[in-house]
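Have a look at the structure below before the remarks.
The values are calculated or read from the model by the stated rules, or taken from the named source; none is laboratory data. Fair warning: this is a prediction, and the values are worked out from it, not measured in the lab. Here the Cβ positions follow ideal geometry from the backbone for every residue, glycine too, while neighbour counts run over all protein chains shown.
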Amino acid sequence: MATEQRPPAARRRATLIGGLAVLMWATLALLTAQTGQVLPFLLIALAFGLAFIIAFGRWLAGGQGVLRHLNYPPRVWLVGVGGLFGYHFFYFLALKNAPPVEASLIAYLWPLLIVVFSALLPGERLRWWHLAGVLMGLAGTLVLVGRGGFVFQGRYALGYGAALVAALIWSSYSLLSRRFAHVSSEAVGGFCGITAVLAAFCHLALEPPLWPQGAEWLAVLGLGLGPVGASFFLWDHGVKHGDIHVLGAASYLAPLLSTLLLVIAGLAPATWQVAAACLLITGGAVLAARSLLFSKGNSH
């Protein structure tokens, strides 16, 4: 299906909505740190399960029937569940089989891949400022994540490969979602439900049961309401109807803002690398958004 053409004002609004997902993802590290020893797949199962329950409640309250929000072609389910569950599966596989710094950096190639491969979408044109902006964001993330240096070693090849697969999955999911612009973002509720079930199976097969205790449940609730819940509905709307180049470049704000939150919370030091990353990533996002910010016409 061809990419939907929207008025510039609607396109800007959709881009801002997608940008809210990036802001939510910035809270992921801080909230995850508050969940204690809860292991990744159980955490994903709980957070996505909560997101599904909330979506299910919305469907019931809307009075339009639950099946209406689940009646989509198999290819829509494949893209949605493959994106949400596939990304998290391979990301955590990468973290288990490679140092987290290198694995995270490779996984965070997905914004660059979104911008580069968006040129293949109908009606999209990749301009020099889009590419320059996202490369500035990648450089800022390199400075930010690599404060302790990088040591790529052959024995971690499985982890590096899994991180690259994660990046390819999320960028592909974001781009393919744009081809299903006619599908309501309410469909993400169903994707979250299946993802929660698959993550629960992975937890039972791969992890010992370490359930949240006390206040850790509040962090799980925060994850399900924000960075591992509502954010995916917002991102879906943004990549379907907004400026995907700007969203790709702006996505590098997530690790930056995440680090700043950790600094504010006293869980990470304030360093010159953080300041340099701030300039690079923010500057890159503004450059990539040049048309959206400064043109009254369509950003194509």
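Residues checked against (1) surrounded by 19 or more Cβ atoms within 10 Å (Cβ to Cβ); (2) touching a helix residue (DSSP H, G or I) at 6+ places or on another chain (Cβ under 9 Å); (3) within 28 Å of I281 (Cα to Cα):
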site	(1), (2), (3)
R12	no, yes, yes
V22	yes, yes, yes
G65	no, yes, no
Y72	no, yes, no
Scanning the range 126-149 for residues that are at pLDDT below 80 and more than 24 Å from I169 (Cβ to Cβ), the one nearest to the chain's Cα centre (by Cα) turns out to be R147
How many residues, within the range 41-60, are in contact (Cβ under 8 Å) with a residue 12 or more places away in the chain and either charged (D, E, K, R) or surrounded by fewer than 12 Cβ atoms within 10 Å (Cβ to Cβ) (or both)?
1
Report, by residue number, each residue of the range 187-208 that is of a type outside the set (A, V, I, L, M) and under 23 Å from L70 (Cβ atoms).
G189, G190, F191, C192, G193, T195, F201, C202
Working carefully through the options P227, P212, P269, find the one that is out of contact with any Asp or Glu (no Cβ under 9 Å at 6 or more places or on another chain), surrounded by 24 or more Cβ atoms within 10 Å (Cβ to Cβ) and under 19 Å from T32 (Cα atoms).
P227
Look through L234, L247 and report the one residue that is under 21 Å from A139 (Cβ atoms), within 11 Å of the chain's Cα centre (by Cα) and either assigned to a helix (DSSP H, G or I) or hydrophobic (A, V, I, L, M, F, W, C) (or both).
L247
Can you confirm whether the range 150-173 contains a residue that is modelled with pLDDT under 90 and within 18 Å of the chain's Cα centre (by Cα)?
no
So V183, is it in a helix (DSSP H, G or I), buried (at least 16 other Cβ atoms within 10 Å of the Cβ), of a type in the set (V, I, T) and within 21 Å of the chain's Cα centre (by Cα)
no
Would you be able to tell me the number of residues in the range 256-281 that are in a helix (DSSP H, G or I), at pLDDT below 85 and not hydrophobic (A, V, I, L, M, F, W, C)?
2
Members of the range 179-201 found to be without any contact (Cβ under 8 Å) to a residue 60 or more places away in the chain and closer than 16 Å to G18 by Cβ, listed by number
S185
Out of (1) closer than 16 Å to W25 by Cα; (2) assigned to a loop (DSSP other than H, G, I, E, B), what's the single condition that is false for L210?
(1)
Out of the residues in the range 13-60 that are polar (S, T, N, Q) and assigned to a loop (DSSP other than H, G, I, E, B), which is modelled with the lowest pLDDT?
Q37
